[in-house]
Every structure is written in C-alpha cells, then in structure tokens.
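Enquirer: Below is a structure I'd like to ask you about.
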Amino acid sequence: MGFLEVTLTLLSGFKTTFFIFIATLLLSLPLGLIITFGSMCRFLPIKILVRTFVWIIRGTPLMLQIILVFYGPGLLWDMDAMARTTAVLIAFVVNYSAYFSEIYRGGIESVSKGQYEAGQVLGLTKVQVFFRIVLFQVIKRIVPPMSNEIITLVKDTSLARIIAVEEIIMVAQRYISAKALIWPLFYSGAFYLIFCGLLTILFWFIEKKLDYYHS
Amino acid sequence: MAILEVKNIHKNFGKTKVLKGVSFSMEKSEVVAILGSSGSGKTTLLRCINFLETADKGQILVEGKPIFDASDKRKKSASEIRDMQLNFGMVFQSFNLFPQYSALENVMLAPKLLAKERADFRQNKKQIYKEIEQTCIQLLDRVGLSQKLSNYPCELSGGQQQRVSIARALALNPKVLFFDEPTSALDPELTGEILKVIRDLARKQMTMIIVTHEIEFARNVADRIIFMDGGVVVEEGAPQYVIDNPQNERTRAFLSKLSER
C-alpha cells in the first residue's frame with residue numbers, strides 16, 4: 001500500500017471533513033447572531049426560551065445530538081431517514097450556533113453604553129448604531145475566542161463518523177480492518193494539523209488587520 | 001421666544017427621586033452653566049432633555065413647540081424621537097468617540113448617514129459627500145485639529161479627543177449644545193484647551209448648556225448660572241449673583257466647600 005495512494009484516499013475523506021467544516025461555519029455564523037438577539041431579547045419569554053435552548057445544546061454531547069438528529073425523526077414519527085450528511089450538518093450548525101451566540105453576546109455586552117448613547121444623540125437609528133458603530137468593535141473583540149471555537153470545529157467534524165459519514169477518520173480507520181494498517185489513522189492527524197495551521201495564520205492575519213486601533 | 005423651555009421635569013430611578021420638578025428656559029445664544037454637587041441631578045437633567053432617559057413628568061419645548069410631554073402617553077416612534085434629538089448636540093464626559101474611525105470619520109459619520117435621507121441624494125451623492133467633508137474639516141480646524149484629521153482616537157490625547165467630540169456634535173448644527181462635565185475626565189493641564197473651545201463657541205453665539213465643576217470658567221463664560229441641589233433648581237441668575245453673592249444656604253455651602261479645595 002503506497003504512501004501516495006493512502007494520501008489520496010485520505011484526501012478524499014478530508015474533502016468531506018472540509019465540507020462539514022465550511023458549511024457549518026457559513027451557516028452558524030449568521031444563525032448564531034440571531035440566537036444572540038434572542039438571548040438578549042427584552043421580552044422575557046423569548047429570552048428564557050432561547051437561553052434554555054442554548055443550555056440544552058451546550059449541556060449535551062454533540063455526538064448524542066448527531067445521533068438524535070439522524071435517528072430521532074424515524075423513531076418518533078416514522079419518517080424516512082434523511083441523508084447522513086444532512087443530519088450531521090443540522091446537528092453541527094445548531095450546536096455551533098449556540099456556542100457562537102454566547103461569544104457574540106459577550107462581545108456585544110462588552111461595548112460600552114456610551115457608544116450607543118453617542119450614536120443615539122447623533123440621530124443614528126438603532127440599526128445604524130449596531131452596524132456602523134457596535135458591530136465592528138464586537139468583531140475585533142471576538143476574533144480570539146472565535147478562532148478557538150473554529151479550530152475546535154475542525155476536529156469536531158470527526159464526530160460525523162458516529163453515523164457513518166465518510167470523513168477522514170472513518171476513511172483512515174478502514175485501513176485497519178481491510179489491510180491491517182494502523183499508520184494511515186495516525187497520518188490523518190497531519191491533515192488536521194496542517195489545516196489548523198493555515199487557519200491559525202489566517203486568524204493571526206485578521207487580528208493584525210484589526211489592530212490599527214485600540215479602545 | 002425661548003429657544004428651549006423645560007417645564008417641571010421629574011425623574012425617578014426606582015424609588016430614588018433624582019429630579020423633583022426642574023424648570024428653566026433659555027434664549028438663543030445664551031450660555032447657561034449648571035452647577036451643583038454630585039447627585040444633585042445635573043447629569044440626569046441633561047440626559048432627560050437629550051432623550052437618553054425618559055422623564056416621568058414634565059414638558060420640553062423647542063422654540064415654543066413641544067418636543068416632549070410626559071403626559072402624552074402615545075408611544076413615539078423611533079424616528080420621531082430621532083427628529084427631536086437632532087435639535088440638540090451632546091458632548092459627553094467620557095468623549096465616547098468611535099474608536100474604529102479616524103477623527104474626520106467620527107465627525108462625518110452622522111451627517112453622511114443623515115444625507116442619505118435627502119431627496120436629491122442619489123443624483124448628487126458625490127457632491128453632497130464632498131460638501132460634508134469640507135464642512136467637517138472646517139469644524140476640526142475650528143477646534144484646532146486640522147493636523148489630526150486621519151488620526152484614530154487612541155492616537156489622540158484626552159483633550160484632543162474631547163475637541164473631536166465637540167466638532168462631531170457641531171456637525172449636525174444643533175440648536176442647543178449640551179456639555180456634560182466636559183473636562184472632568186481630563187488632566188488639569190488639558191482642561192484649558194476645552195474651555196478655550198467652548199469660550200470660542202460662546203463668542204460665536206452658540207446656545208449652550210454646560211454642566212461643570214469649573215466655577216471660574218462658569219463665571220467667565222456663562223450668561224446665567226443654574227444651581228441645583230437635591231433634584232431641584234435652588235438658585236439661578238447671573239454669575240455675579242449666584243457665585244459671588246449667593247442667597248441660598250445650599251449654594252453657599254457648595255461654593256465654600258469648593259473654595260476650600
């Protein structure tokens with residue numbers, strides 16, 4: 001079994017890994033913001049509902065959530081099983097939105113009241129205050145915690161194998177049963193390492209870009 | 001006609017009564033300084049007039065037109081409050097500049113956003129923005145910061161930041177400009193440059209209300225002093241009366257405490 005062949009096979013598994021990663025990221029970044037608005041809502045029932053939801057999502061293992069999304073609808077309502085990747089994506093997006101929403105909330109609440117007031121007395125609308133004044137300051141503040149969470153996401157994608165989605169770990173593991181080879185499994189770690197390295201450089205670059213001022 | 005008239009303003013925070021019926025009025029081009037110890041309600045009064053707090057009782061009129069009436073229970077839309085807000089400008093104790101924008105961008109932000117609502121904005125966008133930029137550069141020049149247009153707030157001294165925030169408030173051409181202890185967050189050697197700017201504005205007939213602890217400055221620049229204590233106006237009048245010859249016991253106590261410092 002050649003090194004090159006294993007590399008190519010693992011790379012095809014990494015494609016799925018990357019797909020889960022990028023789709024989760026793109027969907028949960030905006031969804032997290034909506035959850036944030038819910039958990040900061042002045043209307044108490046919505047706030048309680050959203051915070052309970054965040055508690056449940058953060059309080060149970062992602063692995064369990066994936067299993068629940070995949071098998072739950074069939075067991076409860078006798079529905080046809082959905083595509084495995086869809087189930088994984090739903091679980092991941094919901095889970096990561098909940099985590100992102102808390103990071104956003106921390107960022108938004110750290111912007112001083114004076115910034116809102118200054119915007120208000122200058123006649124800016126609430127929407128203008130948020131998008132022209134607050135949001136940018138929030139982004140700058142949440143880059144470090146977000147990069148942490150996003151790097152965790154890269155490795156969490158391996159949980160998808162619990163419902164047999166062919167991401168890189170699953171592909172690598174197959175070499176054990178099929179060819180009695182264990183090194184491809186360890187080799188798969190290099191793929192994560194390189195990808196997280198690239199992300200780290202990207203976040204470093206973003207932080208640097210936003211470093212032109214401090215408040 | 002009075003440019004600003006405040007009638008019987010009350011404000012409670014929970015059970016604490018902060019304002020217990022404050023009334024005053026001022027004429028165009030007048031400069032009023034509000035004095036009083038901490039907790040006397042000066043800042044809350046300014047915040048109520050500027051819609052940062054909602055008064056529980058009372059009325060506010062601008063040029064005879066009521067812009068606020070606490071007994072009017074109809075909920076005002078955000079845009080109505082905004083239109084009323086634009087009558088006033090406010091300079092905060094802690095500057096509250098937007099850190100991600102340069103000095104010039106801080107001053108231009110609000111006028112640019114406001115210009116978008118003009119009917120001719122689409123056709124004349126470039127021209128309008130250019131005019132706004134010119135005006136804002138002039139304003140920063142007027143407060144002595146023509147060399148700092150592209151500097152970010154974190155690159156400016158406290159005094160320079162406060163001058164930017166004065167220019168920012170002036171950019172919307174307010175009818176009345178409010179200062180909430182504009183020098184309290186500054187080192188003593190920097191307060192002078194702010195007071196100089198305010199004095200210059202007074203000379204140019206700007207209508208202003210200044211909450212301050214700088215008695216000497218109030219005496220020099222204000223046409224009238226309002227002394228507040230315990231949420232009411234205790235004494236008001238020309239500086240030579242209120243500061244030099246106070247009639248009220250509480251005014252006297254406050255001034256003598258200040259002179260002991």
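The values are calculated or read from the model by the stated rules, or taken from the named source; none is laboratory data. What you are looking at is a predicted structure, and each value in this text was computed from that prediction instead of being measured. With ideal geometry, Cβ positions are generated from the backbone for all residues, glycine too; neighbour counts draw on all protein chains shown. When the accessible area is computed, the model is the full protein with side chains, heavy atoms only, and any ligands, DNA or RNA have been set aside. Shrake-Rupley method; radii C 1.70, N 1.55, O 1.52, S 1.80 Å.
Enquirer: Count charges around B:GLN134 for me, please; just the other residues with Cβ under 14 Å from its Cβ, Lys/Arg as +1, Asp/Glu as -1.
Expert: With Lys, Arg at +1 and Asp, Glu at -1, the net is +1.
Enquirer: Peptides A:16-28, A:172-184: what's the order by average Cβ count within 10 Å, highest mean first?
Expert: In descending order of packing, they fall as A:16-28, A:172-184.
Enquirer: When the Kirkwood radius is taken over all Cα pairs of the protein assembly as shown, what Stokes-Einstein diffusion coefficient follows at 20 °C and 1.002 mPa s, in µm²/s?
Expert: 81 µm²/s
Enquirer: Report the far tail of the P(r) of the range B:87-203, meaning the percent of Cα-Cα pairs longer than 22 Å.
Expert: In whole percent, the long-distance tail amounts to 31.
Enquirer: With a sphere of radius 9 Å drawn around the Cβ of B:GLU30, what net charge do the other residues whose Cβ falls strictly inside it have (Lys, Arg +1; Asp, Glu -1)?
Expert: 0
Enquirer: Would you pull out the residues with amide H under 5 Å of B:MET228's amide H, same chain only if 5 or more places away, H placed 1.01 Å from N?
Expert: For B:MET228, whose amide H was placed from the backbone, the distant partners under 5 Å are B:LEU35, B:GLY36, B:VAL234.
Enquirer: Next question. Find out how many positive minus negative residues lie around B:ASN248, taking Lys and Arg as positive, Asp and Glu as negative, among other residues whose Cβ is under 15 Å from that of B:ASN248. Spell out each step's value before the answer.
Expert: Numbers: positive: B:ARG250, B:ARG252, B:LYS257; negative: B:ASP229, B:GLU235, B:GLU236, B:ASP244, B:GLU249.
Within the 15 Å Cβ shell, the charges total -2.
Enquirer: Distance between the C-alpha centers of the range A:136-215 and the range B:85-115? Whole Å please.
Expert: 41 Å
Enquirer: How many angstrom lie between the C-alpha centres of the range B:1-71 and the range A:47-92?
Expert: Value for the Cα centre distance between the two parts: 54 Å.
Enquirer: What is the calculated FRET efficiency for B:ASP141 to A:CYS196, with r their C-beta to C-beta distance and R₀ = 45 Å, to the nearest 0.05?
Expert: E(calc), rounded to 0.05, equals 0.35.
Enquirer: OK, next. Lysines within cross-link reach of A:LYS155: Cα-Cα under 27 Å, excluding same-chain residues under 8 positions apart?
Expert: Leaving aside lysines fewer than 8 places away in the same chain, those within reach of A:LYS155 are A:LYS15, A:LYS140, A:LYS179, A:LYS208, A:LYS209.
Enquirer: Need one value for B:95-105: mean number of C-beta atoms belonging to other chains within 10 Å of its residues' C-beta atoms.
Expert: That works out to 5 on average.
Enquirer: Of all accessible surface on chain A at a 1.4 Å probe, what whole percent is carbon and sulfur?
Expert: It is 71 percent, rounded to a whole number.
Enquirer: Just the number please: accessible area per residue for chain B, 1.4 Å probe, all protein chains included, in Å².
Expert: 47 Å²
Enquirer: Let me ask another. Leaving out ligands, DNA and RNA, calculate the buried accessible area for the pair B and A with a 1.4 Å probe, summed over both sides, in Å² to the nearest 100.
Expert: Interface area, both chains combined: 2100 Å², rounded to the nearest 100.
Enquirer: Which aspartates and glutamates, if any, have their Cα less than 20 Å from the Cα of B:LYS28, not counting same-chain residues under 8 positions apart?
Expert: B:GLU5, B:GLU63, B:ASP83, B:ASP180, B:ASP200, B:ASP223, B:GLU236
Enquirer: Please list the non-local residues whose amide H lies under 5 Å from the amide H of A:LEU181, H modeled 1.01 Å from N, same-chain partners needing a gap of 5 or more.
Expert: Residues meeting the amide H criterion: A:ILE176.
Enquirer: Here is a further query. Could you work out what % of the accessible surface of the range B:96-173 is carbon and sulfur, using a 1.4 angstrom probe and leaving DNA, RNA and ligands out of the count?
Expert: 42 percent
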